[in-house]
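These notes are about the structure you will find just below.
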Amino acid sequence: MIMESLLKVLLILSSAIALHVSFTTENVPSNKEVVRQTFNEWIFTRLVRYAFPTIKAFYWVVSFAEIAIIVLHLTDPDSVPIIRDTPINFPSFSVPHSLSRVVSFVGGVIAPSVVSSPSSSVFAKGNTL
């Protein structure tokens, strides 16, 4: 029980560290540089500046709360009620579910080929990627 809990804590911390590293920008231009931005770039810049730190902070708070619950349950097992895992019953073959999977797969295969078809206006002019 202790080793499993220690493994949970390590995995939670490693996922929080991974999210923190992946959401940290490497190079933010200084405010002295004058660069004209498109609307999409302006939105993305605001997202990186304000949303990423918020997401990181929220993820750290949730991670530490989960670790605190694990530690509390280890120290006093009766203090936190055990959440019993309910078994997942996979349904047998279901026609609507299988049909939706096939339609999703076909849509994923067809959509990229329609978007990048040679008859589109970009390729009709002789432009290449």
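Assorted remarks:
- Selection status of ARG84, at pLDDT below 75 and either of a type in the set (D, E, K, R) or touching a strand residue (DSSP E or B) at 6+ places or on another chain (Cβ under 8 Å) (or both): yes
- For the range 35-67, residues that are among the hydroxyl-bearing types (Ser, Thr, Tyr), at pLDDT 85 or above and part of a helix (DSSP H, G or I) total 4.
- Qualifying position, being at pLDDT below 75, closer than 25 Å to ILE2 by Cβ and open to solvent by less than 80 Å² (accessible area, probe 1.4 Å), among SER79, SER94: SER79
- Contact annotation: residue pairs with Cβ atoms under 7 Å, 6 or more positions apart or on different chains, pairing a residue in the range 51-62 that is farther than 18 Å from ILE12 by Cα with a partner that is open to solvent by less than 70 Å² (accessible area, probe 1.4 Å), are PHE52/PHE23.
The values are calculated or read from the model by the stated rules, or taken from the named source; none is laboratory data. Fair warning: this is a prediction, and the values are worked out from it, not measured in the lab. FYI the Cβ positions are ideal-geometry reconstructions off the backbone, even for glycines, and counts take in every protein chain you see. Just so you know, the surface numbers come from the protein's heavy atoms only, side chains and all, with ligands and any DNA or RNA stripped out. Shrake-Rupley method; radii C 1.70, N 1.55, O 1.52, S 1.80 Å.
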